[in-house]
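What follows is calculated from the coordinates using simple rules that are stated; it is not laboratory data. All of these numbers come straight from a predicted model, not from anything done at the bench. Quick reminder, even Gly has a Cβ in these numbers, built from the backbone with ideal geometry, and neighbours come from all protein chains shown.
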Amino acid sequence: MKLTDSDQDLVAEVEELSGENLYACFQCGKCSASCPFTDEMDELPNQLIRRVQIGDRRILQSKTPWVCASCLSCEVECPKGNDIPAIMEAVREITLRSNVDETDLRDLDTRGLPEIALVSNFRKKTG
Amino acid sequence: MEELLYYPGCSLKDTAIGFEESAIYASRQLGIELKEMERWNCCGTVYSLTADNLMKQLGPVRNLVHAQEEGYEKVYTLCSMCDNTLKRSNRLVKNDPEKLEKINSFMDREEDYLGEVTVKHYLELLRDELGWDAVREPVREPLKGLNVAPYYGCMLTRPKEIGLDDPHNPTVLEDFISSLGAEPVDYPYHSECCGSYNTVEKKDIVLKQAGKITSSAAAAGADLIITSCPLCHYNLDTRQSEYIRRENSSKPVPVLYITQLMAVAYGNSDVCKFDKHAIDPREALALENKALKER
C-alpha cells in the first residue's frame, strides 16, 4: 500500500505534535494490554497507532483519544520508548486546533464537581 | 520549627481542605511548619503533552519562578496532580535551555527562571528527609488492626523519569501505612487509573472503575483506602458512593488523604474535616466508639 501526500501529512503532523516516532511501533500490543479503559474505546491504542501509520484520517473521528485520560500505564510499558499518551494528545490536538472543541460548557451540569476535574477536563477538551 | 515552602494548588483550598489542614497539623507534630507560597497560581492540573505549545507550560513554570523569588530552592506539594505537572514542566525547561529562554522572554512581570528549584512531594519529605521512624514518633493512637489499602493512582509513579517510586512495584505508601501502625493491604488495582477527569463527561466509566478499584480493596480486607490525589479522592469516594447506590452493592470503603491518616494516628481527627467526605470514615476508624467510651 502506497501512502499519498495527505496520508503522510497525518504521520508528520502526529509526529511533530507528539515528538514521538510513529514507525517505531511494531504492534506488540503492550499499550492496549495495560490500558484500563479499552472496553470504552472503538480502537485499541495499538490499532490507533497503526491507523496513523497508514495515514487513515478517519482515526480523527475515533472515540479512543477522548477516553484516554493520560494515565501513562502504556507509557511505562512501551518497549520502544514511545510516549503513547502524547500520540493520543496529538490526535486530539489536530481536532482541537481546527477550532472544534470536544466539549460544550453550556451543556454541562458542573454542580458538585471539584475544580481539579473541571480544569483538567477543559484543558484536554478545548483548543 | 523548620519552615518549608509549600504549594497547595486549588483543591486543597476547597474540596480537599481536610487534606491541607491535616497536613499542616501532622507536619507540626514532626517539627515542620508548611509555609504557603505567597504567590501561586493553578499548575494546570494536567501536563501538556504537545511538543510545540509552550503556552501550557507557563502556569507551572510561573509557580517555580515564585518559589525562586521567595528565596527557596525546594517547594513541597501534597496533591499528586500538582506534583506531577510541576515536576514535568520543571524537567522540560531544565533539559531544554532554548524552551526555557522562550518562556522567560514571554513572562515579563516575573524574574527569569534559572531552573534551580526542586519540586518534592510530601511523601518524599517523609521517606527521604525525615525517615519512617520520625513519622512513627508522634503516634498517639496506634492504628493497630486497621487494614489500609494504598492507592497510588497514576501521578505519583508515572512517568518513571519523575515518579517517586517504582511504577510497577511501589512501596512508599505501604511503608507509610506501616509506620503509623496500620496494616497495608495488597490488591491488584493500587496503580490503576480511576478515570480522572472523565468524571465530568463520562461519569459512567468512572463509576464502574471506582466500583472495581474499591471492591477489589474491600475483597482484600481493606477497612479504608488512602490517596494523595484530590481527583482520585473524588472518584473513589463520591463516585463509589453513587456506584453502591446504583448497584445496591456491598459495604462502602472510606477514602482518606494520607495526612488525614497521620492526623488520626497523632490523635487529632478534627482537622480532617471528615464531614466533607461522601463516605464517612469515622466508623471504620472506630472514632465514634472511642468518643463514646471517653464520654
query = Measuring from the lowest to the highest alpha carbon on each principal axis, how far does segment B:62-123 reach, largest first, in angstroms?
reply = 34, 22, 15
inquiry  = Tell me the relative contact order for chain B as a rounded percent, counting alpha carbon contacts under 8 Å between residues six or more apart.
reply    = 19 percent
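Which order, highest average first, do A:54-66, B:14-26 follow once you tally other Cβ atoms within 10 Å for each residue and take the mean per peptide? Write down the numbers at each step before the final one.
Numbers: A:54-66: 15.9, B:14-26: 22.7.
Top to bottom by mean Cβ count within 10 Å: B:14-26, A:54-66.
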query = To the nearest 10 degrees, how steep is helix B:80-95 against the longest Cα principal axis of chain B, on a 0 to 90 scale?
reply = 20 degrees
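For a protection proxy built on the mean count of beta-carbon atoms within 10 angstrom, sort B:249-256, B:41-48, A:93-100, B:191-198 highest first, please. The partial results should precede the final answer.
Numbers: B:249-256: 20.0, B:41-48: 23.1, A:93-100: 14.1, B:191-198: 25.9.
Packing proxy ranking, top to bottom: B:191-198, B:41-48, B:249-256, A:93-100.
Over the residues of the protein assembly as shown, compute the C-alpha Rg and express it relative to 2.2 N^0.38 Å.
For the protein assembly as shown, the normalised Cα radius of gyration is 1.00.
Size of the dipole of segment B:2-123 about the Cα centre, Lys and Arg at +1 and Asp and Glu at -1 on the beta carbon, nothing else charged, in debye to 20?
Values: 15 positive and 21 negative charges, 92 e Å.
Charge dipole, segment B:2-123, about its Cα centre: 440 debye, nearest 20.
Based on the mean of other beta carbon atoms within 10 Å per residue, what is the order of A:77-84, B:146-153, most packed first? Kindly include the intermediate steps, with their values, before the conclusion.
Numbers: A:77-84: 17.0, B:146-153: 24.9.
The packing order, highest mean first, is B:146-153, A:77-84.
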task = Report, as an integer, the average count of C-beta atoms from other chains found within 10 Å of each Cβ along A:21-33.
result = 0
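How large is the translational diffusion coefficient of chain B in µm² per second when you combine the Kirkwood radius over alpha carbon pairs with Stokes-Einstein at 10 °C and 1.306 mPa s? Working shown, then result.
On the way: Rh = 19.7 Å.
Stokes-Einstein gives a translational diffusion coefficient of 81 µm²/s.
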note = With the dipole of chain A defined by +1 on each Lys or Arg Cβ and -1 on each Asp or Glu Cβ, the option from A:61, A:6, A:114 whose Cα lies farthest towards the positive pole is A:61
request  = Check the cysteines of chain A one by one and keep only those with no other cysteine Cβ under 4.7 Å from their own.
outcome  = A:25, A:28, A:35, A:68, A:78
request  = Grab the DSSP H runs of chain A that are 4 residues or longer, score each as -39,500 (n - 2.57), total them, divide by all residues and round the 222 nm result to the nearest 500 deg cm²/dmol.
outcome  = -12500 deg cm²/dmol
inquiry  = To check my understanding: the extent here is largest minus smallest coordinate of the Cα atoms along each principal axis. What are those three numbers for segment A:5-125, in Å, largest first?
reply    = 44, 32, 23
request  = Using the charge dipole of the protein assembly as shown (Lys, Arg: +1 at Cβ; Asp, Glu: -1 at Cβ; taken about the Cα centre), state which of B:253, B:180, B:81 has its Cα farthest towards the positive end.
outcome  = B:253
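How big is the charge dipole of segment B:141-294 about its Cα centre, in debye rounded to the nearest 20, if each Lys and Arg gets +1 on its Cβ and each Asp and Glu gets -1 on its Cβ?
On the way: 16 positive and 21 negative charges, 92 e Å.
My answer is approximately 440 debye.
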ask   = In the structure displayed, which of A:124/B:160; A:30/B:212; B:13/B:208 lie more than 24 Å apart, Cα to Cα?
value = B:13/B:208
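Please state the equivalent ellipsoid semi-axes for segment B:2-123: what are the square roots of 5 times the Cα gyration tensor eigenvalues, largest first, in whole Å? Please list the in-between numbers first.
On the way: eigenvalues 133, 46, 26 Å².
For segment B:2-123, the semi-axes come out at 26, 15, 12 Å.
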remark   = Exposure proxy check on B:55, B:262: fewest-to-most Cβ neighbours within 10 Å is B:55, B:262
message = Quick check for me: using +1 on Lys/Arg Cβ and -1 on Asp/Glu Cβ, what's the dipole size of the protein assembly as shown about its Cα centre, in debye to the nearest 20?
response = 1040 debye
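Other chains near B:155-165: what is the mean number of their Cβ atoms within 10 Å of each residue's Cβ?
Details: counts 3, 0, 2, 8, 5, 3, 0, 0, 2, 0, 0.
Across the residues of B:155-165, the mean count of other-chain Cβ atoms within 10 Å is 2.
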